[in-house]
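Taking it in order: structure first as structure tokens, then the write-up.
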Amino acid sequence: KAGVTQTPRYLIKTRGQQVTLSCSPISGHRSVSWYQQTPGQGLQFLFEYFSETQRNKGNFPGRFSGRQFSNSRSEMNVSTLELGDSALYLCASSLWGSDEQFFGPGTRLTVL
Amino acid sequence: TQLLEQSPQFLSIQEGENLTVYCNSSSVFSSLQWYRQEPGEGPVLLVTVVTGGEVKKLKRLTFQFGDARKDSSLHITAAQPGDTGLYLCAGAKSGAGSYQLTFGKGTKLSVIP
């Protein structure tokens, strides 16, 4: 069974731009969560989607948004990029009702 | 507010030594998970512990969940260079069908041959 895939793997943007990251969950997994990982803060929860609905949201500004499609694929968008948005963005999928999450390799975003 | 505290933050040991990593919280979790992450990759799930006092073994790795389901430990026996990585604990809180993981900041382990 294929794992969680994320595209692109690496991205370089400049301040003020916007970016869209994509995540394809494991087949059959309908819950998708997004995390931001930085050396200083570790992994921080962004949001979780299930059946195209956002069920949970972390403490991030409104510049961070996401959506989920009917095939469970998910995208997250960051608008008006800031230098502090440079991070590894991780997507994880899980079966409904399970605490166990399976992570993708992440997208490394660098904001210059 | 960091709900899960991991210690130590960094650990460098010789091959063959034993080590223990701790994960502590003031919150109760429905389950606690341990992940290992290698540079440039996403975390890989090692184990999930659910019941207070539960002990699980994965080859040379022993995981324990505290009786009150607030803390956990990971013990590695006879560490190998392949054990090198970032070890993360994550607590799950479930409610109304929604799940959210809170991660500790991790323990960076280096095993020197």
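The values are calculated or read from the model by the stated rules, or taken from the named source; none is laboratory data. Fair warning: this is a prediction, and the values are worked out from it, not measured in the lab. Neighbour counts are summed over all protein chains in view; Cβ atoms, including those assigned to glycine, are modelled from backbone coordinates with ideal geometry. The accessibility values were calculated without ligands, DNA or RNA, using every heavy atom of the protein model including side chains. Shrake-Rupley method; radii C 1.70, N 1.55, O 1.52, S 1.80 Å.
In segment B:56-88, the residue that is farthest from A:Ala92 (Cα to Cα) out of those that are modelled with pLDDT under 95 and of a type in the set (A, V, I, L, M, F, W, C) is B:Ala68. Restricted to strands (runs of 3 or more DSSP E) entirely inside chain A, those with at least 1 residues that are open to solvent by 50 Å² or more (accessible area, probe 1.4 Å) are A:5-7, A:10-13, A:19-24, A:42-50, A:53-57, A:64-68, A:107-111.
Go through the residues of segment B:70-88 one by one and say whether even a single one is in contact with a helix residue (DSSP H, G or I) (Cβ under 7 Å, 6 or more places away or on another chain), open to solvent by less than 20 Å² (accessible area, probe 1.4 Å), more than 25 Å from A:Ser98 (Cβ to Cβ) and more than 10 Å from chain A (Cβ to nearest Cβ). Yes; the residues of segment B:70-88 include at least one that is in contact with a helix residue (DSSP H, G or I) (Cβ under 7 Å, 6 or more places away or on another chain), open to solvent by less than 20 Å² (accessible area, probe 1.4 Å), more than 25 Å from A:Ser98 (Cβ to Cβ) and more than 10 Å from chain A (Cβ to nearest Cβ).
Consider segment B:6-36 and keep the residues that are in a strand (DSSP E or B) and either farther than 23 Å from B:Glu54 by Cβ or without any contact (Cβ under 8 Å) to a residue 40 or more places away in the chain (or both). The one that is nearest to the other protein chains (Cβ to nearest Cβ) is B:Phe10.
State all residues of segment B:60-80 that are in contact with a Ser or Thr (Cβ under 9 Å, 6 or more places away or on another chain) and not polar (S, T, N, Q); if no residue qualifies, say none. Across segment B:60-80, the qualifying residues are B:Arg60, B:Leu61, B:Phe63, B:Phe65, B:Gly66, B:Arg69, B:Lys70, B:Asp71, B:Leu74, B:His75, B:Ile76. If you go through segment B:35-54 and pick out every residue that is more than 15 Å from B:Cys89 (Cα to Cα) and of a type outside the set (S, T, N, Q), you end up with 6. Looking at the structure I just gave you, is B:Gly42 crowded, with 21+ Cβ neighbours inside 10 Å, within 14 Å of chain A (Cβ to nearest Cβ) and more than 29 Å from B:Gln14 (Cβ to Cβ)? So B:Gly42 does not fit the description; no.
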